[in-house]
Amino acid sequence: MGEHRNGHHNKLTVAGLIVTLGIIYGDIGTSPLYVLNAIVDEKVITKELIYGALSCIFWTLTLQTTIKYVIITLNADNNGEGGIFSLYALVRRRRPYLIFPAIIGGCALLADGVITPPISVSAAIEGLRIIKPDIQTLPIVIAVITFLFLIQRVGTTVVGKAFGPIMLLWFGMLAYLGIANIGSHPDVLNCLNPYHAYYLLVNYKEGFWILGAVFLCTTGAEALYSDLGHCGKHNIRASWTFVKIALLLNYFGQGANLLIHEGKTLQELGINPFYNLMTPEFLPFGIAIATSAAIIASQALISGSFTLISEAIRLNVWPKVSIKYPSNMKGQLYVPSINWILWLGCIGVVLYFKESEKMEAAYGLAITITMLMTSLLLANYLRAQKINSYLVFGTLAIYLCIEGSFLTANLVKFMHGGWVTLVISSLFIFIMWIWFKGRKIKNRLTEFVQLKKYIPILAQLSNDQSVAKFATHLVYLTSADTINEVESKIMYSILQKQPKRADIYWFVHIHVDDNPYTRQYKVDHIVANDIIKIEFKLGFRVEQKINFYFRKVVEELVKNGEVDVTSRYTSLREQNITGDFRFVVLQRHLSHENELSSYERWIMSMYFMFDKFSLSEAKAFGLDTSSVLIEKVPLLITPVKELKLQRVF
């Protein structure tokens, strides 16, 4: 039965709201540190520029973040889970080919997780230069980022509880600074009128390309959806109202403050639009809070990356890697390998760009791709929900236009560092594509045989005293979906490779369900007390602890009198001792006896290379390694055509 998530984040609570602030809004919440700075850049400060920029920011946050993500996309929750792979799981039965936009979008989001920590932390730490101009910020940035990744192992609940109060203070400070500065030019509130955005984009020199910098105000929206499972949509929606108001007040305060210096440039003034809101006395405190918030800013992308990879593994588009569950609360997980891959990527970005201003040029390009892919998947989900097709396609057209404009505007960043995130995205896409395609090729001609055909010989083998008993209970993992089938390699292992006599043969099949937390099983007694097949139906977010689940099922069968697991050895049976269980895992390798195209052979060679770095089947399925036999079997995908050999004398 599908199990719903438990924990405080499943419903609207004060504690849930605090944790949500600590986990979800770091990225989008720290955007005031650099957005207006990126928009104004070297331009002369004018009323048209500031009004237009603020209007663009307001309508971007409204249309993109509020309407698309908070109102619409959060409804596409897969039993409480979010993210682009979770969204794909909701539509893959009708349109499996949508795996391609899902992979592209997921990998672009992972790449965004590599650049978000460097830009957020660097932008905050560089505020120290206002106090001490000659300070070396690079070592501090690296130390802060390293600390952030070190604490991930404790889980997002602990992180959220620790970070939540700091983010509450941060957003309170944003609102206070904004209100304190809006008074210098209260007319900035007129920026709510979309005409100012239209005028800037159409009439201002290079107006359209400003969208590349405007987009930075909403980059955290995709992570907001990815982290749905960590906090729940009720907490996200309630907290977003507060967060959006605080952000807008601060942006308007920055705009009002900049208009005091109309006719000048930021370079002439030597100021940062955000830190210029603070009085000299408040500045040290403000920098400290901004630095803390910037550290937290990375949390949304990091925790979202963990969720994304765990779902990719269950959907068979990423090699199996170790996943830790720091708490009993669903949605709380930690993926060590991804944690340190992201850390290495972040350090590389910091060392390459060095300054947050240079990172701004690279930031945003990858995430626009993710948003476009999410829009495509979301439209398919809405159609599956029987939403009016005109409404769905009309909404899709609007967002393709908006996000297409953002993507076009961001393309100018390619030569200024945007290529970095695209290269990182491409590396992740390469791994996912190889793994997905390799599994397809591997499974293409997997040969299955009818179990019924082998029932007599298995019965004979079970009673053949001339063959040494291998185990009382012999367990094989099978990929066969139907009851009466198993792979031919399994029968080869039992009957030919090394005849394996057992009293009961068990065949276990695992079906990954689209519902993230399904835990169901079905038992078929093919031959009572001799051949039994168990099918586990597990959600794509459920840890596959097959050893534990199998033991629970056997206990249930014994309790119901459906099977006798007592040892068949006479001396042990008299003492009512349970028989031994042995698992056999077949480890496939690419046989030389294949006729593959050059492309497929290259795919398979890369697939098996990645396989060496992934978890073994025994560890991935949570099997007790002391009772597992690993057998290598050749993988014959495309057998060599019949070859005639001539005998000579």
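The values are calculated or read from the model by the stated rules, or taken from the named source; none is laboratory data. This one's a predicted model, so the numbers in the text were calculated from it and none came from an experiment. We work out accessible area using only protein heavy atoms, side chains counted, and drop any ligands, DNA or RNA first. Shrake-Rupley method; radii C 1.70, N 1.55, O 1.52, S 1.80 Å.
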Study note, to complete from the structure: Note to self: C-alpha centroids of segment 53-82 and segment 350-371 sit apart, in Å, by 22
Check your understanding: When all C-alpha to C-alpha distances in segment 1-142 are sorted into bins of 10 Å, what percent of pairs does each bin hold, rounded to whole numbers?
Key -> 9, 24, 32, 23, 10, 2, 0
Study note, to complete from the structure: Computed over segment 162-257, protein heavy atoms only, probe 1.4 angstrom, the accessible area per residue in square angstrom equals 35
Exercise for review: For segment 131-286, count all C-alpha to C-alpha pairs, find those more than 20 Å apart, and express that count as a whole percent of the total.
Suggested key: 65
**Study point:** Spatially proximal aspartates and glutamates relative to residue 612 (Cα-Cα < 19 Å; intrachain offsets below 8 disregarded)
**Key:** 600, 631
Study note, to complete from the structure: Applying the span-like rule to the chain (DSSP H, Cα extent along axis at least 27 Å, Kyte-Doolittle mean at least -0.5) gives 99-125, 156-182, 233-259, 283-314, 365-384, 389-410, 418-444
**Study point:** Percent accessible area from carbon and sulfur atoms, the chain, protein chains only, probe 1.4 Å
**Key:** 60
Study note, to complete from the structure: Binned at 5 Å from zero, the C-alpha pair distances of segment 89-193 give percents of 2, 9, 9, 12, 15, 14, 13, 12, 8, 4, 2, 1
Study note, to complete from the structure: The alpha-carbon center of segment 527-552 and that of segment 374-413 are separated, in whole Å, by 41
Practice item. Measure up 233/320; 68/264; 320/500; 47/233; 43/132 against 31 Å on the Cα-Cα distance and list the ones that go over. Key: 68/264; 47/233
Revision key, fill the gap. Stokes-Einstein D for segment 290-408 (10 °C, 1.306 mPa s, Kirkwood Rh from Cα pairs), in µm²/s, comes to 92
**Study point:** Dimensions in Å of segment 371-428 - Rg and Dmax from alpha carbons
**Key:** 14.8, 44
Point to revise | Radius of gyration and Dmax over the Cα atoms of segment 37-97, both given in Å | key: 18.3, 54
Study note, to complete from the structure: Per the helix-only model, the chain has a calculated mean residue ellipticity at 222 nm (DSSP H runs of ≥4, -39500 (n - 2.57) each, divided over all residues, rounded to the nearest 500) of -17000 deg cm²/dmol
Check your understanding: If you take the Cα Rg of the chain and divide it by 2.2 N^0.38 Å, with N the number of residues, what do you get?
Key -> 1.13
Point to revise | Size-normalised alpha-carbon gyration radius of segment 450-600, reference 2.2 N^0.38 Å | key: 1.15
Check your understanding: Which value results for Rg/Rh of segment 354-403 when Rg is the Cα radius of gyration and Rh the Kirkwood radius based on the inverse mean 1/r?
Key -> 1.23
Revision key, fill the gap. note: segment 255-318, Cα-Cα separations exceeding 18 Å make up a percent value of 61
